[in-house]
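No value in this document is a laboratory result; all are computed from the given coordinates. From a predicted model like this one, the values you see are computed outputs, not experimental measurements. Glycine gets a Cβ as well: all are built from the backbone with ideal geometry, and neighbour counts include every protein chain shown.
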Amino acid sequence: MIWFALWREYKLSTAEILAVFPEGKTVYFSKDILILDLIEENEVLQKANFLWWTIKIFKIIETDILTDALEVEWKFKYGISTFWDKKNLKEILNSTKKILKENWVSSRFINKDFTSLSSAQIIWEKLVKSGTDYSYIFDFDKKYIWKTIWVQDIYSYSKRDYSKDRDMQTWMLPPKLCQMMINISSGKTIYDPFVWLGTVLIESILMWNKKVYWSDLNQVMVEHSRNNIFKFAQENNIILEDVEFIKLNAKFINESSVLLEKNIDAIVTEWYLWEIMTQKNISIDRIDKQKESLISIYEKFFENLKKIKYEWNIVICFPFWEISWKYIYFEEIYKTLSILCDIQPIFPTSFENITTKAWSLLYKREKQLVWREIFKLKIKN
C-alpha cells in the first residue's frame, strides 16, 4: 500500500493522484491522507514529481526501525513523525532511542523540540535517500509504521514561477495548478489557446511532453511565452520535438492551424481573469461588466470547437469572486456549458461528493478576491 500525504487543498490533491493512478484501489481517504493499494512503488516514484499537491509519499513496512538500524555501519540518523496522535511523539522518540541503545546502535533523531519533521528538514538531512524517515499512524490499538519514499521539491516551483518573462499586470496561473489540470486532462499533446506566459506548456514539457502548441490574441504574450518556453527548455537541456505558436483570437478557435493540423488530445487553459481587484475597488457592477465581456468570448470559443467536432478533453478555469464575505459564481458560463458541453466527472463515483454541485473544483488563494473554478469538459456531439 502507498500513502499520500495531501496538501491543504486536499480535493485538488486527490483529483490529481486518482488521475495519475487510475488503477489504484482506495483503502482510506481523509482531508490529510489518501491510501491506495494495487499500485507499484516503482511506478509511484516515476510519476511522483508530477504531483504538486502531494506533500510526501510513504510505503508501509512490515518490520520496525531497529531492523533498518542494524544494517547501518555508522551512526543511525533518522526522523519520526506522527499523524493525528501528536502527543505521543516525544514518547515514541525516546522509546525508540532507548531500544536502539539497548541493541548497541549509535543513533540520533533529527526532530527538534520533539515535533514532526517538515519537508524542508527531511530534504536537508537527506532522510529519503537514506530511507530513515518514518511516520506512525495509530488506529485504535494498532500501530502502523510507514517509510517516506518521496518528498515534494519545495524549491523548484517557486523558481519556475519567478524566473518567467512576464507582465506583472497579468494573472499568473500557478505551476502547481497547471500540473493538476494537465493530470486530470489525461492528455499527452497539450494545446493552450490562451497562452499568456506559457506556464501550462512549461509544466507539460516537464511531464515528458516534447511537443508544445499555443496561441494568443496578444502578440506580446505570444512572445513572452515563446521566450519562457525556449529559455526553460535550454536551461534544462530539453530538446523539443515540435513547436508551433500563432497569433489567434481564441473566439475563432476553428481557424487554428494548430488544432486542425496537429494531433492534439487535450486543451488545458485559462483565459484572462480580467482586472486585478482589491477591497477598495471591487463591486457587483464591476464583476457584472467582467462577466459580460468574458461570456461573449467563451460562447464563441465553445461554439467554434463544436463546429470542428473537437472530441478530446478540455480542462479550463473560470473566475469567481468574493465580495463582502460572499462568493459570486460565473453562473452565466454554466448556461453556456449546459448547451455546448458535457461536464466530465473529475473523480470516480465514490468521490463525487467532494466536488461542487456543478462537478467543478475550486482554487482559492488567501487575500485574493478573484478565484478559480476548474472544469473538465467535452464538446457535445
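For a paramagnetic label modelled on residue 8 (point 7 Å from Cα along Cα→Cβ), amide N atoms under 18 Å away belong, within segment 78-107, to 84. Computed from the C-beta positions of residue 186 and residue 130, the FRET efficiency with R₀ = 25 Å rounds to 0.10.
Computed extension gain for residue 303 through residue 350, at 0.36 nm per residue and net of the alpha carbon distance, reaches 13.7 nm. Segment residue 311..residue 293, full-extension length gain: 3.8 nm, with 0.36 nm per residue of separation and the alpha-carbon distance subtracted. Quotient of the Cα radius of gyration of the chain and 2.2 N^0.38 Å, N being its number of residues: 1.12.
Packing around the peptides 316-324, 55-63, taken as the average count of other Cβ atoms within 10 Å per residue, puts them in this order, highest first: 316-324, 55-63. Amide H contacts for residue 341 (H built 1.01 Å from N in the peptide plane; partners 5 or more residues away or on another chain; cut-off under 5 Å): 380. Proximity of backbone amide H atoms, modeled 1.01 Å from N, is registered between residue 107 and 76 at under 5 Å, excluding neighbours fewer than 5 places apart on the same chain.
Taken over segment 156-379, the convex hull of the Cα atoms encloses 126 Å³ per residue. Label-to-label distance for residue 279 and residue 141 is 5.4 nm, based on points extended 7 Å past Cα in the beta-carbon direction. If one computes the Cα centroid of segment 44-63 and of segment 263-321, what distance in Å separates the two points? Comparing the Cα centres of segment 44-63 and segment 263-321, I get a distance of 34 Å. Calculation over all alpha carbon pairs of segment 246-381 in 10 angstrom steps from 0 returns a P(r) of 11, 40, 33, 15, 2 percent. Grab the beta carbon distance between residue 336 and residue 26, set R0 = 45 Å, and tell me the FRET efficiency rounded to 0.05. Result of the calculation: an efficiency of 0.85. The angle separating the long axis of helix 10-20 from the principal Cα axis of greatest extent in the chain is about 90 degrees.
Modelled label positions at residue 210 and residue 41, each set 7 Å beyond Cα in the direction of Cβ, lie 3.1 nm from each other. How far is helix 284-307 tilted, in degrees, relative to the longest principal axis of the Cα atoms in the chain, given as a value from 0 to 90 rounded to the nearest 10? Orientation of helix 284-307: about 80 degrees from the principal axis.
Annotation: Cα Rg of segment 2-151 relative to the compact-globule expectation 2.2 N^0.38 Å equals 1.05. Over all other residues within a Cβ to Cβ distance under 9 Å of residue 318, the charged ones net out to -1, with Lys and Arg as +1 and Asp and Glu as -1.
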